[in-house]
Amino acid sequence: MLEFVAFDSFGVKSMCTKIVSEDLRILIDPGIAIETNSFPLPLLDRMTLVRRYERKIKNAVKDCDVIILTHYHYDHHIPEGDLYRGKRLLVKHPTENINKSQKNRARYLLSQVNAEISHADSHEFNFGNTKIRFTEPLWHGVKNTRLGFVIATIIEHEKKMFYTSDLDGPLLGEYVDMIIEEAPDVLIVDGPATYLLGYIMSYKNLEKSIANLKRIVKNVDFELMILDHHLLRDYRYPDLLSDVYKTARNLDKKVISAAEHVGKRPAVLEGYEKFGPTKWKEWKKA
């Protein structure tokens, strides 16, 4: 069973995913943060959503056996040591291939945790018939980014799921090669941070991300691709990534947000339709 606990398409910064097999219950990245002011919901509404989904994430942590932390940004972990008491933690290495900010956050969290902790980078863990594998540390976006590294997660039990964590696109072609080689049945992809276009993200990198996503759609025979997280912070996303969605439709492949998968309208589109534009007034399809 696959459950999307909290995602940006629900109106909060998160990518929290729950997987239940016959062997155990797994929770990936139980973190949450409030959407920025460019998100087309009033501040009170955004705060209310954070409170609602934080409760859901904490309940999911309590219900799960294994907790995975792919990196130490707050939208990927809640920094409360007691929350993880008695759990098995598989975590991004807290001192290797990590930037100063995340190293400090990792030290703060892990010093408080009373749990069995394993460093996950490039390692494999088996729980009965359920296999959890982790990639080597991958750049959080472009090479040499100050944002540091993350680890992607592959879970195999009857079917294979690939969870990118924060690859910001993906932006790097070698990561696309890796995804194609893995040939997962289910993909959970964070998508490009188009809400930062012209600031942290360049238009050239958006072009790369679109090309890379199209290559994944064309070359992986997946049942479902969840394209969410950073991308669903921008109400322009259906137009900016129109070529990706068109490619998927032409190949009869399912590329949708977590909200759409559970029958909901993405919060960023609902907010735009109800409250109107914030940062962007006019735009064209990419």
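Of the residues Leu24, Leu49, only one is under 22 Å from Ile256 (Cβ atoms), among the hydrophobic types (A, V, I, L, M, F, W, C) and surrounded by fewer than 24 Cβ atoms within 10 Å (Cβ to Cβ); which?
Residue meeting the stated conditions: Leu49.
Go over the candidates Asn99, Asn144 one by one and state the one that is more than 27 Å from Leu2 (Cβ to Cβ) and either under 19 Å from the mean Cα position of the chain (by Cα) or without any contact (Cβ under 8 Å) to a residue 24 or more places away in the chain (or both).
Asn144
Taking segment 114-141 only, how many residues are in a strand (DSSP E or B) and either farther than 18 Å from Ile28 by Cβ or free of Cβ contacts under 8 Å to residues at least 12 places away in the same chain (or both)?
3
Restricting attention to segment 219-229, and to residues there that are in contact with a Lys or Arg (Cβ under 9 Å, 6 or more places away or on another chain) and not aliphatic (A, V, I, L, M), which single residue is farthest from Gly276 (Cα to Cα)?
Asp221
Go through Gly86, Gly148 for me and flag whichever is at positive phi and crowded, with 16+ Cβ neighbours inside 10 Å.
Of the residues listed, the single one that is at positive phi and crowded, with 16+ Cβ neighbours inside 10 Å is Gly148.
Quick one: would you say Leu109 is surrounded by fewer than 24 Cβ atoms within 10 Å (Cβ to Cβ) and either among the aliphatic types (A, V, I, L, M) or closer than 15 Å to Ser165 by Cα (or both)?
In short, yes.
So if I check each of Leu241, Leu269, Leu251, Leu227, which one is surrounded by fewer than 17 Cβ atoms within 10 Å (Cβ to Cβ), modelled with pLDDT of 95 or more and among the hydrophobic types (A, V, I, L, M, F, W, C)?
Result: Leu251 is the single residue among Leu241, Leu269, Leu251, Leu227 that is surrounded by fewer than 17 Cβ atoms within 10 Å (Cβ to Cβ), modelled with pLDDT of 95 or more and among the hydrophobic types (A, V, I, L, M, F, W, C).
Taking interchain pairs and intrachain pairs at least six residues apart, which have beta carbon atoms under 9 angstrom, with the first residue in segment 183-210 and within 22 Å of Phe222 (Cβ to Cβ) and of a type in the set (A, V, I, L, M) and the second surrounded by fewer than 22 Cβ atoms within 10 Å (Cβ to Cβ) and at pLDDT below 95?
What qualifies is Ile210/Ala286.
The values are calculated or read from the model by the stated rules, or taken from the named source; none is laboratory data. As the structure is a prediction and not an experimental result, all values here were calculated from the model. Quick reminder, even Gly has a Cβ in these numbers, built from the backbone with ideal geometry, and neighbours come from all protein chains shown.
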